[in-house]
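See structure below.
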Amino acid sequence: MEITTDITGSHNENFSDTYQLLRQEFAIEPTGYIDFQLNNFEVFKQCSAVELHSSYVIETGRDRCYILFVETCTKSQGADGRITENRELQTWALAYLKHNFGRVKIRRETFTDKLFELMFPLEVDFKEDKTFSNAFYVLADDKSKAINGITRDFRNAVMDIREDDFVIEIADHTLIIGNRKPISGQKAIHLAEFVVRLVDIY
């Protein structure tokens, strides 16, 4: 069985540009080796491999948060039986939160979500914040933990993210935000802004 590898974009060039932009905006330093336990997150479950390319701590003066450059590998099989490995270098931001949220996923709400919600009411809604609830789809394994953690300040921070296509996943005290698209400098800035704001709140 033949296996081919497709590497999306120019990793070195994109990474270098993104790193330079981050250094202009934030005080960042390499972390050295830290096991961020990325395999605990559902957003990476479809990947056959997830490797931490590099990670940087953002010093905020209060608490620390992180920018991660993650290389993912997904495999697909063509009609001819050939397996293609797709490798991408993605940007994710990570923060450790004092509040235990349980397991939570937050992303932009789609029309399909709205239809599904009519038949299967699984979403966590915030009746006092219709703007947030109309814009974002929130799933949680423990609604009371999620509601206690997703405060007005938290929701405002999410609403203000200047990156449109993103997913937030929280595993107890650990939050990551990003998407599966290749890295870009501006996206990394927006993700970093969010986690810096978040550790200031929490």
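On the basis of being open to solvent by 70 Å² or more (accessible area, probe 1.4 Å) and in a strand (DSSP E or B), does LYS145 make the cut? Before the answer, list the steps.
Details: open to solvent by 70 Å² or more (accessible area, probe 1.4 Å): yes; in a strand (DSSP E or B): no.
Here the answer is no, as LYS145 does not meet what is asked.
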Quick one: how many residues across the stretch 60-73 are open to solvent by 40 Å² or more (accessible area, probe 1.4 Å) and of a type outside the set (D, E, K, R)?
2
Contact list please: Cβ distance under 8 Å, first residue in the stretch 14-29 and within 13 Å of LEU191 (Cα to Cα) and open to solvent by 60 Å² or more (accessible area, probe 1.4 Å), second residue at pLDDT 90 or above and not small (Gly, Ala, Ser), pairs at least six apart or on different chains.
LEU21/ILE189; GLU25/ILE189
Looking at ALA146, is it closer than 29 Å to HIS53 by Cα, touching a Phe, Trp or Tyr at 6+ places or on another chain (Cβ under 7 Å) and in contact (Cβ under 8 Å) with a residue 40 or more places away in the chain?
no
Can you pull out the residues in the stretch 32-55 that are crowded, with 16+ Cβ neighbours inside 10 Å and under 15 Å from LEU89 (Cα atoms)?
LEU38, VAL43, PHE44, CYS47, VAL50, LEU52, SER55
Where a residue in the stretch 124-142 is in a loop (DSSP other than H, G, I, E, B) and its partner, wherever it lies, is of a type outside the set (Ser, Thr, Tyr) and open to solvent by less than 20 Å² (accessible area, probe 1.4 Å), with Cβ under 6 Å and at least six apart
VAL124/VAL138; VAL124/ALA146; PHE126/PHE132; ASP129/ARG155; ASP141/GLY102; ASP142/GLY102
Identity of the residue in the stretch 121-135, closer than 17 Å to PHE101 by Cα and either open to solvent by 60 Å² or more (accessible area, probe 1.4 Å) or not acidic (Asp, Glu) (or both), that ends up modelled with the highest pLDDT
PHE126
Can you pull out every residue in the stretch 148-177 that is open to solvent by less than 10 Å² (accessible area, probe 1.4 Å), part of a strand (DSSP E or B) and either of a type in the set (A, V, I, L, M, F, W, C) or out of contact with any Asp or Glu (no Cβ under 9 Å at 6 or more places or on another chain) (or both)?
ILE168, ILE170, LEU175, ILE176, ILE177
Going by what's in this entry, would PHE41 be described as at pLDDT 85 or above, in contact with a helix residue (DSSP H, G or I) (Cβ under 7 Å, 6 or more places away or on another chain) and closer than 29 Å to MET159 by Cβ?
no
For residues in the stretch 90-120 being among the charged types (D, E, K, R) and not in a loop (DSSP other than H, G, I, E, B), which is modelled with the lowest pLDDT?
GLU117
Considering only residues that are in a helix (DSSP H, G or I) and surrounded by fewer than 20 Cβ atoms within 10 Å (Cβ to Cβ), which ones fall in the stretch 178-188?
GLY185, GLN186
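The values are calculated or read from the model by the stated rules, or taken from the named source; none is laboratory data. Not measured: the values here are computed from a predicted model. Here Cβ is always computed from backbone atoms with ideal geometry, including for glycine, and neighbour counts include all displayed protein chains. When the accessible area is computed, the model is the full protein with side chains, heavy atoms only, and any ligands, DNA or RNA have been set aside. Shrake-Rupley method; radii C 1.70, N 1.55, O 1.52, S 1.80 Å.
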